[in-house]
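Chemist: The following block contains the structure, expressed as structure tokens.
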Amino acid sequence: MSIKKDVIITIRGLQSFEEAENENIELVTSGRFYEKNGIYYVSYKESELTGLGNTTTTVKVEKDKVTVIRFGDLETHMIFEEGQKHISYYDMGFGSLTVGVSTRSIDKSFGETGGHMKIDYAMEINNAVAGESALCMDIREAAN
């Protein structure tokens, strides 16, 4: 079975840094949700508010991992896999950083009408601890 739908996506992020105030973000945007061969995909254009206006993000949700792929002004390919650390590059157009992501937990539930996921992870930037983070995403069918 193949699913393709217009959706409303709510993204919430929390970042905690040792010597700084916690940072909370919330973004609500429209996008596409589809399923192919048992893998769910969520795709959306980033907002000018995030500073990533010319960037498209695709989230690939597989059984054991979640991959976030961004193309445009910012390019990255981040892999979240419970109990694993993955290194990726964050290309911001004027330079790149190495980003290490150590995923503690992934809680996800997806079906024909959308889904929900929460990822808890620690992040390193250029091999230095950058803090603790949580990413929550809710996907629901857009009203026709």
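Readers should treat all values here as calculations from the given coordinates under stated rules, not as data from a laboratory. Predicted, not measured: the structure shown is a model, and the values here were computed from it. Reconstructed Cβ throughout: ideal geometry from the backbone, glycine too, with neighbour counts over all protein chains shown.
Chemist: For a quick check, take a GNM of the chain with Cα springs below 10 Å and name the residue from 127, 37, 24 with the largest mean-square fluctuation.
Modeler: Between 127, 37, 24, it is 37 that shows the largest mean-square fluctuation.
Chemist: Roughly speaking, what is the stretch gain from residue 87 to residue 56, that is 0.36 nm per residue apart minus the C-alpha to C-alpha distance, in nm to one decimal?
Modeler: Fully extending the segment from residue 87 to residue 56 adds 9.1 nm.
Chemist: Given axes a ≥ b ≥ c from the Cα gyration tensor, I'd like to know whether region 92-144 is rounded (a/c under 1.5), prolate (a/b larger than b/c) or oblate.
Modeler: Details: a/c = 4.07, a/b = 1.87, b/c = 2.17.
Taking the square roots of the gyration eigenvalues as a ≥ b ≥ c, region 92-144 is oblate.
Chemist: Under a cut-off of 18 Å between alpha-carbon atoms, report the lysines in cross-link reach of residue 63, not counting same-chain residues fewer than 8 places apart.
Modeler: 36, 85, 108, 118
Chemist: Still on this structure, I have one more. Which whole-Hz couplings ³J(HN,Hα) result when phi for each residue of region 103-113 is put into the Karplus expression 6.51 cos²θ - 1.76 cosθ + 1.60, θ = phi - 60°, listed in order with x for Gly and Pro?
Modeler: Values per residue, Gly and Pro as x: 8, 7, 8, 10, 10, 8, 8, 10, x, 4, 9 Hz.
Chemist: Local charge sum around residue 29 (other residues, Cβ-Cβ under 9 Å, Lys/Arg +1, Asp/Glu -1)? List each step's numbers first, then the result.
Modeler: Details: positive: 45; negative: 46.
Neighbour charge sum, excluding residue 29 itself: 0.
Chemist: Within the chain, what's the longest run with no chymotrypsin sites (Phe, Trp or Tyr not before Pro) in a DSSP loop and at most 14 other beta-carbon atoms within 10 Å? Give the range, please. If you can, show how the numbers build up before the last one.
Modeler: Working: sites that count: 17, 94.
For chymotrypsin sites (Phe, Trp or Tyr not before Pro) (loop position, at most 14 other Cβ atoms within 10 Å), the longest site-free span of the chain is 18-93.
Chemist: Dividing the convex hull volume of the alpha carbon atoms of the chain by its residue count, what do you get in Å³ per residue?
Modeler: Values: hull volume 15.8 nm³, N = 144.
Spread over its residues, the Cα hull of the chain gives 110 Å³ apiece.
Chemist: Can you return the aspartates and glutamates within cross-link range of residue 45? Criterion is Cα-Cα under 18 Å, with same-chain partners fewer than 8 residues away left out.
Modeler: 6, 26, 73, 75, 91, 138, 141
Chemist: Defining a contact as two alpha carbons under 8 Å apart and six or more residues distant in sequence, what relative contact order in percent does the chain show?
Modeler: Values: 373 pairs, mean separation 30.3, N = 144.
Reported relative contact order: 21 percent.
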